[in-house]
1. What is the fewest-to-most order of 90, 35, 83 by other Cβ atoms lying within 10 Å of their Cβ?
2. For residue 49, which sequence-distant residues (separation of 5 or more, or a different chain) have an amide H within less than 5 Å of its own amide H, given hydrogens modelled in the peptide plane?
3. Among the chymotrypsin sites (Phe, Trp or Tyr not before Pro) in the stretch 64-115, which ones are in a DSSP loop with at most 12 other Cβ atoms within 10 Å of the Cβ? Mind listing them?
4. Return the percentage of antiparallel bridges among DSSP beta bridges fully within the stretch 2-105, rounded to the nearest 5 %.
5. Rank the residues 77, 56 as a footprinting-exposure proxy: fewest other Cβ atoms within 10 Å of their Cβ go first.
6. Lys and Arg at +1, Asp and Glu at -1: add these up for the other residues within a Cβ distance under 13 Å of residue 64 and post the number.
7. Using amide H atoms built in the peptide plane, which far-off residues or other-chain residues are under 5 Å from residue 19 H to H?
Amino acid sequence: MVCIDNGDRPYEYAAIPVTVNSLVPWTGPTSGDTLVSIFGSNFVDMTSITVSFTNSRTSIVQGTFVSTTCIITRSPSSAEAALAVVEVALNGQQYTTSAKTFTYYGMNWICMIGP
C-alpha cells in the first residue's frame, strides 16, 4: 500500500490485485440492509473501503475489513428486483472487476392460505 498526501486529501493506492470471489448471502430484499460477507483475496485494512452495487443505478456503501479474505457490508436498497454487480475498492476509487452478482428480490405477501 502506498499513501500519498497532496495536502487536500490523502490518496491510498493498493498495489496488490484485489479480487472478489463470492458473496454470502448472494441474495436479499429490495429494502436492503442485508449483511453481506464479501470473500476474495488481498484485502487490506484501509479506512476508505467502499462497495458498489450496480444494477440500473449504482449505490456505494461503506465496507468493513474483517481479514485479508473477507469484507462485510450492508446491501443498499434497490428500486427493483434485479441482479446487481458487486465490486470493492480499498481506496474508495479503484474498483475490482470481478463481476460477482447480488440478487435483489421483491417482498412477497401472503394473501390467502387454504387447504
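1. On the way: 90 26, 35 11, 83 14.
Ranking 90, 35, 83 by Cβ neighbours within 10 Å, fewest first, gives 35, 83, 90.
2. Placed amide hydrogens put 63 under 5 Å from residue 49.
3. 109
4. Details: 31 of 34 bridges.
Antiparallel: roughly 90 percent of the beta bridges in the stretch 2-105.
5. Exposure proxy ranking, most exposed first: 56, 77.
6. Numbers: positive: 74; negative: 45.
Once all neighbours under 13 Å are counted, the net charge is 0.
7. Under 5 Å from the amide H of residue 19 lie the amide H atoms of 41, each far enough along the sequence or on another chain.
Every number in this text was worked out from the coordinates using simple rules, so none of it is lab data. Everything quoted here is computed from the prediction, not taken from an experiment. Because the Cβ atoms are built from the backbone with ideal geometry, glycine has one as well, and the counts that use them run over all protein chains shown.
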